[in-house]
Amino acid sequence: MSWLSPDGWQAVALSLRVSLVATVVALPFAVAVAYALARGQFRGRGVLNAVVHLPLILPPVVTGYLLLVVFAPRAPVGAALDALGIRFAFHWTGAALAAGIMGFPLMVRAIRLAIEAVDPGLEAAAGTLGANRWRVFWTVTLPLTLPGIIAGAVLGFAKALGEFGATITFVSNIPGQTQTLPSAIYAFLQVPGGEGDAARLVIVSVLLAFGALGLSEWLARRERQR
Amino acid sequence: MSWLSPDGWQAVALSLRVSLVATVVALPFAVAVAYALARGQFRGRGVLNAVVHLPLILPPVVTGYLLLVVFAPRAPVGAALDALGIRFAFHWTGAALAAGIMGFPLMVRAIRLAIEAVDPGLEAAAGTLGANRWRVFWTVTLPLTLPGIIAGAVLGFAKALGEFGATITFVSNIPGQTQTLPSAIYAFLQVPGGEGDAARLVIVSVLLAFGALGLSEWLARRERQR
Amino acid sequence: EVTVFAASSMKTVLDRIIAGQDVRVSYAGSAALARQIIQGAPADLFISASPEWMDAVEAEGLVTERQDLLSNRLVLVSYDPAPPVDLRKFDILAALKGGKLAMGLVDAVPAGIYGKAALESLGQWEALAPHVAQVDNVRNALALVSSGAAPMGIVYATDAMAAPDIHVVGLFPKDSHPKIIYPVATLNDRPTTLAVLELLNSYKARKIFRAGGFEVLE
Amino acid sequence: MIEICIRHEVPGFALTCDFTAPAGVTCLFGHSGSGKTTVVNAVAGLLRPDAARISVNGRMLEDSGAGLWLPPHQRRIGYVFQDARLFPHMTVAGNLAYGIPKEPKGAAWDRVIGILGIEALLERKPRSLSGGEQQRVAIGRALLSGPDLLLMDEPLAALDGPRKDEILPYLERLRDEVQIPILYVSHAVSEVARLATTVVLLERGRVVRSGPVSEIFADPTLVPVLGARDAGAVLEARIVRHHDDGLTELSCAGGTLWLPQVNGAEGSGLRVRISASEVMLAKERPEGISALNVLEGMVSAIRIGDGPGAVVQLQVGDAQLLARITRRSVEAMGLNEGARVYAVAKSVAVARADVGAGIR
Amino acid sequence: MIEICIRHEVPGFALTCDFTAPAGVTCLFGHSGSGKTTVVNAVAGLLRPDAARISVNGRMLEDSGAGLWLPPHQRRIGYVFQDARLFPHMTVAGNLAYGIPKEPKGAAWDRVIGILGIEALLERKPRSLSGGEQQRVAIGRALLSGPDLLLMDEPLAALDGPRKDEILPYLERLRDEVQIPILYVSHAVSEVARLATTVVLLERGRVVRSGPVSEIFADPTLVPVLGARDAGAVLEARIVRHHDDGLTELSCAGGTLWLPQVNGAEGSGLRVRISASEVMLAKERPEGISALNVLEGMVSAIRIGDGPGAVVQLQVGDAQLLARITRRSVEAMGLNEGARVYAVAKSVAVARADVGAGIR
Ligand SMILES: Nc1ncnc2c1ncn2[C@@H]1O[C@H](COP(=O)(O)OP(=O)(O)OP(=O)(O)O)[C@@H](O)[C@H]1O
Ligand SMILES: Nc1ncnc2c1ncn2[C@@H]1O[C@H](COP(=O)(O)OP(=O)(O)OP(=O)(O)O)[C@@H](O)[C@H]1O
Ligand code: MOO
Ligand SMILES: [Mg+2]
Ligand SMILES: [Mg+2]
């Protein structure tokens, strides 16, 4: 299609993939952390809460820089992961990691509010029916938190679609590999007269996010009506 | 103090001011929009919801660019506001505007969840006691939403502290005027050997945000115990 | 008080030159600064890292006086120590050993645009293109190399000079790419503005620019 | 006086409800799903029916023909919900003051708080109150808003027995001391009998009967509607004397009644409900028994039920009494219309929960 | 058999509770705040008391001396909460199956569903159920988890009268058909009388009395504790015959009782509660009256109250009966210990809510 350049379409496809993977992979961790923050009574709860919020507080460049320092192939962690065949640097997976981390605090917040709204009495009831903590979580807490999880996922997905600073710093901008929509938009904005191309990508990105939002509102409404 | 350069301290003070003002000013709007989204049954609800999420979805540079195009002294809106004595462009108020807009979707989400949790029966009860919709909102809905408002405010404040892309694109990076902590960090990271200065600023910014987080958790706990 | 809008790569030297003066500098990307000036930013002077953005500002009729201030060189840097080579006869692809070559955005930021031109004229671009990791500014390219994420990168000589933990493999020949020019322009004729332009052209300033690795244009 | 005329249809349910209620307590009575809450919500303005004319003491609240519809906050109506709905973030005093137009609080404040016995609770938060206390505060809050009409939708349904007993006397004092009409929803017969002036019987969205409480409750044909267990006549009585041994002597249409200590001045009137299942019939005036209440009457109607039971209506003076006995006894005693019999009821049984003003 | 021994202290409240309960239903009875829920929660493992030894049928659930504390899910205990606590996101069938270790569901499934009458609800979501239906499902869910002990904390308190009546018969069938011990909390005397095998009376965290239900309820000295209004003896009776006119003939210790249609095979046993306030006393056997139940007995104790009332205990055969009458009648009839009297109770009055197995 001529409306967008092939590179543009590639960026759209990649951004979708990156955002979806980031959201899907981060979600279980977000749920776990949200549960720990909502229900846990352990030492270091405050610290965990603070650490989770870090990506929100730090300028994205800093987050990207820290990721780079930790996950670069020559860095200890990066090297170890490399040995296991797990690559982040210059790979779309790295973009997903950055996007997931940046969206993480938003997911955790939404899910935590939802978990705090679940009646602990229902969990106690499940316990008396022979369910251990793990089963209680899976069969009672989690399903009842679903609307909040959906809200959190959409928030995370939207953030992932828009993430730029941390992504480009961490995994740079390799067309077809790590060039997400925001990177492509940024590139267009750096040259005089690139605003038109940028605008087209912005429209695509807005449409994608609106689709996700609409879907989530619909899911939440359906969930509420059941 | 020699630990931070004077410019650094200036950036800290400015960032605090910008984030506080952004949060305080955006909060009433966030509450109003959250209320409309949670309780309203009007046409265009979906569109409003989508528009509110825009700053989350768009790369911050794009948001900054759009702000620049709208509020710059040469742009129609900017010129009109200028005539009224209201200045955003290249002014700390503009940094606050950018920070507020970027944090807006986060505030609205948290507050909306809280409003949706308020029992409409209590609002109906207030109505039968002679309170019109406005009074019901102020005396019943709003106080019961307080924990969610606190959560939203902190999220918005944290986001405002970390906002970079939109701010630097919109209001530039003028020390003492529009140079917030993240912009200052960025400037240090642009030159070789600036990492040490940047790191110090990062620490300050993290401490500030943690302080806000701690305060909010404490407020929320107190609110719940009452 | 004078407000200077300057490309962020100028920070080290410019901060030193204006030390003690009543001058504020807003450091950001040239594109952002140029757009802001076009939209009416209260800048008195603009130092751009790219002549194109200065052209854009000039086209709006905002420039009162323009001058090519500095020039720079492109260098190939590496994470691992390497002996200096002649880049005309150096196979970068082979030296990457499968790693990435870090550069600025090759269609967007000046260092990337110059770098791509240089590689093209050296006949290496075709082969290297798939192996280029582009970042939004030169400093991030440098960070990729100094963190070891990319074995090599193309950056300005000024950046390489100030980074102790990386190694300069070679200078790109001057004629392999369009001349790198940092233009400066005054945006008004206020005496204070002109004084700063004078300061930039002063002997002391030149000394600092040269010490920072820049080539001063007459 | 309340005039209510409502038409409302939702899928599966149609309400057609017309009635006029005089001053005092009007009880809306009917099975679950008969439309009681729908009526009350329409009166409060919380529901907008398809068509309605509603007026309170001549003031029109809603007239769909004329396009008039006042929003809830302009209706001057006090609504006591089943679930109290106190504002959790305010103290009891804050809740009570919510509907008061302006300071100062004035005499009504002290009076309502006195009637409801909630002086000691004023500074507490609703969460720490027992269910009965919460309902009392909710009633006080509704009253203090100075309503023209008080709506109460099963205000006691969520409370268990002892807590119900705790609050019923307050409702009676309300009825007797506060001069505003009350529309009261309940499916507890004892509450209705105790409180109502007028009863409106709803069934599947339609008014099947309405009238003074004594008439409705003494009607043997309504026994199946009211529920056999709870049927029973309501008698107007007058306190004659409080005796030293703790008994109160009352005179009613059919003779003398003895009840354990009833509050009230000698000479004052009150209402006594004698549950049909607690009345025993005898052909001869029984002697040497512990039951003190023996009223002579004439069988005015006999209604044989489907099961083993029968309901016998007696004319006692100018009042009616119901007795629920077995068919076997009807036959064994040879009862038929016009027969003279004695109705026997224990003092303590009558005292149950059916006399005005708090006794245990 | 359940052996419970708990010590627990929180600021302002100390619990010291020791009792052993045989099979059947053990009712924990006591005023609000007496510690009933605390005991039940400790047994369920939802609360960890300062010190406790709790065993069910010899299996130790908790022994703080030996450092043993099983978490709730290992206790094999079914808990029916006051507020049902059904999982809102599951169907009724899903709720019922939650505690079942493995498929297939087996015979217990059909049996429990049958006893509780919830076949028709299986596919529905809890939200659409009435309060009574919800509680039945909650009971089924607890039962189907195959517990060694069933805990029920005021399972009926949130329900209004008719809904209570709807569910009580199911509880009775449970007691009679399912062979697991039940620990039942209530402050409704009629429930306790109807269900309990054993009653444990708690007051301010201490056990003040415990024993078989007939003993506790026939004890006139406990009348103030139980509440004067609700006192009444519990009699064991046996169904003799169902008569054609809808009455059932029962034999009990003191003679013959006639009640409206009682479910149950001829020859089967059941329990009848005769509320003290419904028993009338007569010196002579009354004739020509509608009351069918006349039992001859001897006054074994008289307890004069503070008010106008008195409680008379009668020895009727080898059982006891309580009658609550006025002091005036005690004097007028010249009652004293050893006097022979006739106790008169109406069939329909006895039938109230106090006979095992669902009658109205
Ligand atoms: N929005 C609605 N849509 C469909 N049916 C409704 C709706 N609202 C009420 N109904 C039906 O209207 C009927 C009357 O309801 P209402 O709440 O007035 O009954 P009620 O007499 O107050 O019953 P209860 O004693 O159980 O409170 C019921 O059958 C109910 O299911
Ligand atoms: N965490 C606690 N802190 C202080 N006091 C408590 C706590 N939990 C319970 N209590 C007190 O312990 C006493 C017993 O409470 P419990 O809930 O067992 O009573 P109950 O017999 O179940 O009463 P009810 O019939 O009202 O349910 C009460 O006085 C209560 O206030
Ligand atoms: O956190 Mo950003 O500044 O929205 O990329
Ligand atoms: Mg209703
Ligand atoms: Mg309890």
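Quick notes on this structure:
- So B:Ala110, is it more than 9 Å from every other protein chain (Cβ to nearest Cβ) and part of a helix (DSSP H, G or I): no
- Test: residue in region C:162-169 that is under 28 Å from A:Ser183 (Cβ atoms), within 14 Å of chain A (Cβ to nearest Cβ) and in contact with a helix residue (DSSP H, G or I) (Cβ under 7 Å, 6 or more places away or on another chain): yes
- Filter pass, A:Ala89 being among the small types (Gly, Ala, Ser), within 14 Å of chain C (Cβ to nearest Cβ), assigned to a loop (DSSP other than H, G, I, E, B) and crowded, with 24+ Cβ neighbours inside 10 Å: yes
- Qualifying residue in region A:53-70 (condition: farther than 27 Å from A:Ala212 by Cβ, away from ligand 3 (no atom under 16 Å from the Cβ) and within 14 Å of another protein chain (Cβ to nearest Cβ)): yes
- Within region E:72-83, considering residues that are within 26 Å of the chain's Cα centre (by Cα) and within 9 Å of chain A (Cβ to nearest Cβ), the one nearest to A:Val118 (Cα to Cα): E:Asp83
- Given (1) on the phi > 0 side of the Ramachandran plot; (2) free of Cβ contacts under 8 Å to residues at least 40 places away in the same chain, index of the condition B:Gly176 fails: (2)
- For D:Asp148: the one exception among (1) in contact (Cβ under 8 Å) with a residue 40 or more places away in the chain; (2) more than 16 Å from ligand 1 (Cβ to nearest atom); (3) in contact with a helix residue (DSSP H, G or I) (Cβ under 9 Å, 6 or more places away or on another chain): (3)
- None of B:Ala124, B:Ala30, B:Ala34 is more than 14 Å from chain C (Cβ to nearest Cβ), within 16 Å of ligand 1 (Cβ to nearest atom) and assigned to a helix (DSSP H, G or I) except B:Ala124.
- B:Val118, sole failed condition from (1) within 8 Å of another protein chain (Cβ to nearest Cβ); (2) not in a helix (DSSP H, G or I): (1)
Residue-by-condition table, conditions (1) touching a Leu at 6+ places or on another chain (Cβ under 9 Å); (2) under 23 Å from A:Ala89 (Cβ atoms); (3) part of a loop (DSSP other than H, G, I, E, B):
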| site | (1), (2), (3) |
| --- | --- |
| C:Val77 | yes, yes, no |
| C:Asp80 | no, yes, yes |
| C:Pro83 | no, no, yes |
| C:Gly99 | no, yes, yes |
| C:Ala127 | yes, yes, no |
| C:Leu142 | no, yes, no |
| C:Val145 | no, yes, no |
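- Only residues that are touching a helix residue (DSSP H, G or I) at 6+ places or on another chain (Cβ under 7 Å), surrounded by 23 or more Cβ atoms within 10 Å (Cβ to Cβ) and at pLDDT 85 or above were counted across region E:199-223, and they come to 2.
- Residue match in region A:70-79 (condition: farther than 29 Å from A:Arg200 by Cα and within 16 Å of ligand 2 (Cβ to nearest atom)): no
- The set of residues in region D:160-193 being at pLDDT below 80, outside any helix (DSSP H, G or I), within 25 Å of D:Ser32 (Cβ to Cβ) and of a type in the set (A, V, I, L, M, F, W, C) consists of D:Ala188 alone.
- Restricting attention to region C:121-146 and to residues that are surrounded by 24 or more Cβ atoms within 10 Å (Cβ to Cβ) and not aliphatic (A, V, I, L, M), the residue that is farthest from B:Ala198 (Cα to Cα) turns out to be C:Gln134.
- Test: residue in region E:49-71 that is away from ligand 1 (no atom under 16 Å from the Cβ), of a type in the set (Gly, Ala, Ser) and within 14 Å of another protein chain (Cβ to nearest Cβ): no
- Scan region B:63-86 for residues that are hydrophobic (A, V, I, L, M, F, W, C) and not in a helix (DSSP H, G or I) and the total you get is 4.
- Beta carbons closer than 8 Å, at least 6 apart along the sequence or on distinct chains, pair a first residue in region D:235-249 that is touching a residue at least 40 places away in the same chain (Cβ under 8 Å) with a second that is hydrophobic (A, V, I, L, M, F, W, C) and not in a strand (DSSP E or B) for D:Leu235/D:Ala253; D:Glu236/D:Ala253; D:Leu247/D:Leu292.
- The residue that is nearest to ligand 5 (Cβ to nearest atom), counting only those in region B:155-188 that are within 9 Å of chain A (Cβ to nearest Cβ) and aliphatic (A, V, I, L, M), is B:Leu155.
- Only one entry of B:Gly103, B:Gly44 meets the criterion of being more than 7 Å from every other protein chain (Cβ to nearest Cβ), away from ligand 5 (no atom under 16 Å from the Cβ), farther than 30 Å from D:Leu151 by Cα and surrounded by fewer than 18 Cβ atoms within 10 Å (Cβ to Cβ), and that entry is B:Gly44.
- Flag for E:Glu9 being within 24 Å of the chain's Cα centre (by Cα) and without any contact (Cβ under 8 Å) to a residue 60 or more places away in the chain: no
- Of all residues making up region A:169-203, the number that are within 16 Å of A:Gly94 (Cβ to Cβ) and either touching a Phe, Trp or Tyr at 6+ places or on another chain (Cβ under 7 Å) or surrounded by fewer than 24 Cβ atoms within 10 Å (Cβ to Cβ) (or both): 10
- The helices (runs of 4 or more DSSP H) located wholly in region D:1-119 that include 1 or more residues which are closer than 23 Å to D:Leu202 by Cβ occupy D:36-44.
Yes/no matrix, rows are residues, columns are (1) touching a Phe, Trp or Tyr at 6+ places or on another chain (Cβ under 6 Å); (2) within 8 Å of ligand 2 (Cβ to nearest atom); (3) not basic (Lys, Arg):
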| position | (1), (2), (3) |
| --- | --- |
| E:Ala21 | no, no, yes |
| E:Gly24 | no, no, yes |
| E:Val40 | no, yes, yes |
| E:Arg59 | no, no, no |
| E:Glu62 | yes, no, yes |
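- When region E:166-206 is filtered for residues that are farther than 28 Å from E:Thr16 by Cβ and among the aliphatic types (A, V, I, L, M), the ones remaining, listed by number, are E:Ile167, E:Leu168, E:Leu171, E:Leu174, E:Val178.
- Per the listing D:Gly45, D:Gly99, D:Gly94, the residue uniquely away from ligand 3 (no atom under 16 Å from the Cβ), within 13 Å of another protein chain (Cβ to nearest Cβ), surrounded by 15 or more Cβ atoms within 10 Å (Cβ to Cβ) and without any contact (Cβ under 8 Å) to a residue 24 or more places away in the chain is D:Gly94.
- Residue check, E:Leu47 within 16 Å of ligand 5 (Cβ to nearest atom), out of contact with any Leu (no Cβ under 8 Å at 6 or more places or on another chain) and more than 21 Å from A:Gly127 (Cα to Cα): no
- Residues that are more than 28 Å from E:Asp244 (Cα to Cα) and more than 7 Å from chain E (Cβ to nearest Cβ) number at least 1 in the following strands (runs of 3 or more DSSP E) confined to region D:230-349: D:232-242, D:247-252, D:255-260, D:269-275, D:293-304, D:309-316, D:319-326, D:340-345.
The values are calculated or read from the model by the stated rules, or taken from the named source; none is laboratory data. Here the structure is a predicted model, which means the values were calculated and not measured. For neighbour counting, all protein chains shown are included, and Cβ atoms are generated from backbone atoms with ideal geometry for every residue, glycine included.
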